[in-house]
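Okay, so here's the structure we're looking at.
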Amino acid sequence: MSPIPKTAPFAEEEIDLLNRVVGPASANQRAWLAGFLAGLDAASAGAVVPQPAAPARPAEPLTIVYASESGNSEKLAGDVAKSARKSGLKPTTIDMAELDLAALAAAKRLVVIAATWGEGEPPARTIRAYNELMGEGAPRLDGVEFGVLALGDTAYAEFCAVGKKIDERLAALGGKRIADRVDCDLDFAEPAARWIGDAVKALTPPNASGRVIEVDFGLKPVASPSTDIFEAEIIEHVDLNSSRSDKETIHLALSFEGAAPAYEPGDSLDLYPENDPAYVDGLLKAAGLAGDDKLRSELIRSRDVTTLSIKTVESYAASTGHQYVNALLADGQAKGWIAGRQLIDLIATFPIALDAEKLRALTRPLAPRAYSIASSRREVGDEAHLLVSAVRYESHGRARKGVASNYVAERLKRGGRARVKLKPNKHFALPSGDRDIIMVGPGTGVAPFRAFVQERRATQAKGRSWLFFGDRTFTHDFLYQLDWQEALKDGALTRMDVAFSRDTPNKVYVQHKLWDQRSELIKWLDGGAHFYVCGDAKAMAKDVRAALVRAYADVKALSAEAAEQAVVTLEREKRYLQDTY
Ligand SMILES: Cc1cc2nc3c(=O)[nH]c(=O)nc-3n(C[C@H](O)[C@H](O)[C@H](O)COP(=O)(O)OP(=O)(O)OC[C@H]3O[C@@H](n4cnc5c(N)ncnc54)[C@H](O)[C@@H]3O)c2cc1C
Ligand SMILES: Cc1cc2nc3c(=O)[nH]c(=O)nc-3n(C[C@H](O)[C@H](O)[C@H](O)COP(=O)(O)O)c2cc1C
């Protein structure tokens with residue numbers, strides 16, 4: 001609520017200005033201001049100026065470091081800063097990608113919020129600082145009071161691995177753990193808000209700003225459930241692979257009817273899926289709950305019924321007391337057993353009568369999935385385009401289907417509606433129009449580059465654009481082929497190199513094409529080009545980076561170390577940008 005009422009004797013804009021200052025001010029700041037204003041009046045009446053009620057002491061510092069890829073940790077770091085300010089601390093927020101370790105050593109108190117990516121790895125942009133922190137040259141942190149909040153996903157074997165390692169490392173370097181680490185799953189809003197409240201309280205010295213102030217340390221959960229969710233109509237739903245391809249990649253055009261989210265090229269949309277009804281029916285049958293329509297509809301719409309984590313196995317063992325499941329955990333076999341399996345396997349393999357509440361308790365909320373936006377608003381207006389590859393595979397004798405991608409491929413239809421939320425990514429944005437760009441995007445990794453090329457056409461950007469694309473076959477898997485041909489014709493795309501891995505006896509991938517074009521590539525980079533990589537994080541992104549290092553070494557006759565340094569320099573200058581998954 002704003003402290004200055006609309007009835008105050010000021011103009012409306014003055015009231016707004018005052019509220020902007022007074023609203024977020026701490027009790028101590030208000031007391032100072034009250035004393036100061038009283039002093040001004042007294043002075044103008046010829047009296048002696050009294051001291052402000054609480055003379056301001058320099059606020060105690062708090063350093064907040066975040067390691068984030070998709071923005072969650074970054075947003076939470078902002079919440080820590082807000083809470084810290086309210087309690088009289090002076091927060092400084094640092095992106096781990098830009099962290100100088102000396103700043104840690106100089107910190108008095110420290111909060112780290114870290115996400116885990118890949119298979120237990122730090123976010124790509126933070127690898128340099130992370131390795132320095134883990135390395136032998138890391139400074140001592142004796143006396144630094146710290147707390148770590150870890151973000152992750154229990155579906156991954158290496159749950160919150162990065163947060164855990166940072167927490168251990170800070171202690172090993174002499175730091176003093178003031179707030180115990182909390183490991184958050186995808187539904188992190190409430191546990192994170194609780195942790196922030198507790199940690200800021202623990203890190204705030206009693207005399208943070210001269211006197212004890214009563215502060216409400218509680219924070220509302222950041223992720224408001226529905227306010228920024230957009231509903232869109234599906235106006236195009238086209239499989240871009242030919243009918244003879246073994247892949248299915250859907251071009252999905254969403255229309256927002258005059259109210260599209262304000263997205264920029266490089267941003268993604270979080271898509272809210274529903275589960276496959278056939279899978280849910282199988283699950284209910286295995287649990288002995290077929291016929292419970294209320295539960296069925298809840299599970300389809302809002303529960304994660306496929307993920308099987310150690311936590312799920314533990315809950316199953318605890319709630320059912322199942323002898324064999326307990327034995328699986330006790331023998332240390334559970335981690336291996338769950339690999340490639342889903343919740344339905346657990347219940348079908350170790351059946352026991354469940355009631356609706358017990359089954360529900362084995363599931364977590366169904367999380368949205370991110371998809372890179374493949375269009376520019378300047379070209380498509382109130383639409384947003386996505387490129388979604390249907391995830392299908394077989395494991396342990398069952399045909400499996402990815403939840404969201406098959407919701408898109410099989411159940412969303414033209415004329416139907418989808419729910420999405422904007423996921424901005426300021427770390428994957430276009431440079432100014434006069435800069436050259438090199439884009440490496442095999443498979444669905446090409447999606448954001450369609451947005452880049454559309455944007456560059458619409459803004460008549462002068463910089464050159466070079467796209468490296470790859471997939472399985474030219475004939476059946478050339479995603480957006482006509483778009484690229486048109487862009488090459490009208491100049492929005494300067495050049496394009498393609499790698500179709502199954503068209504030649506030796507598999508050719510985008511990294512091989514980069515190597516073939518290394519002289520020209522390095523020339524573009526020397527001229528200031530920005531280098532973008534999007535798509536598969538497991539192999540492609542690493543191979544592409546390694547190819548670029550080798551290209552520098554070869555073209556410029558550099559040692560391996562100097563070539564690596566050339567790429568590190570690109571990363572530091574924010575000219576090597578990745579959005580990989
Ligand atoms: C920033 C970002 C942008 C993205 N952009 C795109 C995009 O433009 N297009 C796109 O298609 N995707 C994109 N993705 C990926 C997308 O978010 C989903 O992860 C993907 O569609 C799979 O979701 P799903 O719900 O269909 O599968 P899920 O139900 O989540 O299942 C996926 C899981 O199945 C398992 N699995 C998958 N394949 C196999 C296999 N062969 N063997 C064993 N297990 C397997 C793995 O555990 C995997 O994690 C993006 C991801 C991020 C983070
Ligand atoms: C491709 C991908 C890989 C991930 N790998 C892991 C992992 O190995 N372990 C884990 O606990 N969480 C993993 N996560 C979950 C993220 O840590 C989680 O979504 C987190 O909230 C992201 O925070 P950020 O937005 O700050 O990057 C992964 C997520 C994605 C999309």
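The values are calculated or read from the model by the stated rules, or taken from the named source; none is laboratory data. None of the values given here were measured: they were computed from a predicted structure. All Cβ positions, glycine included, derive from the backbone under ideal geometry; neighbour counts span all protein chains shown. Protein only, heavy atoms only, side chains kept; ligands, DNA and RNA dropped before computing areas. Shrake-Rupley method; radii C 1.70, N 1.55, O 1.52, S 1.80 Å.
Given Cα pairs under 8 Å that are at least 6 residues apart, what percent is the relative contact order of region 395-481? Don't jump to the answer; show the numbers that get you there.
Numbers: 55 pairs, mean separation 24.2, N = 87.
Once divided by the residue count of region 395-481, the mean separation gives 28 percent.
Converting phi to 3J(HN,Hα) with the Karplus coefficients 6.51, -1.76 and 1.60 and the offset θ = phi - 60°, region 238-247 yields 10, 7, 7, 8, 6, 5, 9, 7, 8, 10 Hz in sequence order, with x at every glycine or proline.
Along region 564-581 the Karplus relation, 6.51 cos²θ - 1.76 cosθ + 1.60 evaluated at θ = phi - 60°, assigns HN-Hα couplings of 4, 4, 4, 6, 4, 4, 4, 5, 5, 7, 6, 10, 10, 10, 10, 9, 10, 8 Hz to successive residues, with x for each Gly and Pro. Globularity index of the chain is 1.10 (Cα radius of gyration / 2.2 N^0.38 Å, N = number of residues). For region 437-581, a/c is not less than 1.5, where a ≥ b ≥ c are the root eigenvalues of the C-alpha gyration tensor, and a/b does not top b/c. That puts it in the oblate class. Using just its DSSP H runs of length 4 or more, each adding -39500 (n - 2.57), the chain gives a mean residue ellipticity at 222 nm of -11000 deg cm²/dmol after division by all residues.
What are the lysines whose alpha-carbon lies under 19 Å from the alpha-carbon of Lys574, with same-chain residues fewer than 8 places away excluded? Answer for Lys574, where 19 Å is the Cα cut-off: Lys426, Lys523, Lys542, listed by chain and number. Out of the DSSP beta bridges found with both residues in the chain, what percent are antiparallel (nearest 5)? Within the chain, antiparallel bridges account for around 45 percent of the total.
Taking the inverse of the average 1/r across all pairs of different Cα atoms in region 252-351, what Kirkwood radius in Å do you get? Every distinct Cα pair counted, the radius reaches 16.1 Å. Checking every one of the trypsin sites (Lys or Arg not before Pro) in region 409-450 against DSSP loop status and a limit of 11 other Cβ atoms within 10 Å picks out Lys413.
Taking packing as the residue-averaged number of other Cβ atoms within 10 angstrom, the listed peptides 247-257, 397-407 run from highest to lowest as 247-257, 397-407.
Hey, which of these cross-link pairs are over 30 Å Cα-Cα: Lys513/Lys556; Lys75/Lys358; Lys75/Lys335; Lys165/Lys507?
Numbers: Lys513/Lys556 18 Å; Lys75/Lys358 34 Å; Lys75/Lys335 32 Å; Lys165/Lys507 37 Å.
Too far apart for the 30 Å limit: Lys75/Lys358; Lys75/Lys335; Lys165/Lys507.
With the convex hull drawn over the C-alpha atoms of region 308-382, the volume per residue is 127 Å³.
Can you send over the carbon and sulfur percentage of the accessible area for region 402-539, probe radius 1.4 Å, protein chains only? The partial results should precede the final answer.
On the way: 2900 of 5890 Å².
Of the solvent-accessible surface of region 402-539, carbon and sulfur hold 49 percent.
Using the Stokes-Einstein relation with a Kirkwood hydrodynamic radius computed over Cα pairs, the translational diffusion coefficient of region 495-579 at 20 °C and a viscosity of 1.002 mPa s comes to 160 µm²/s.
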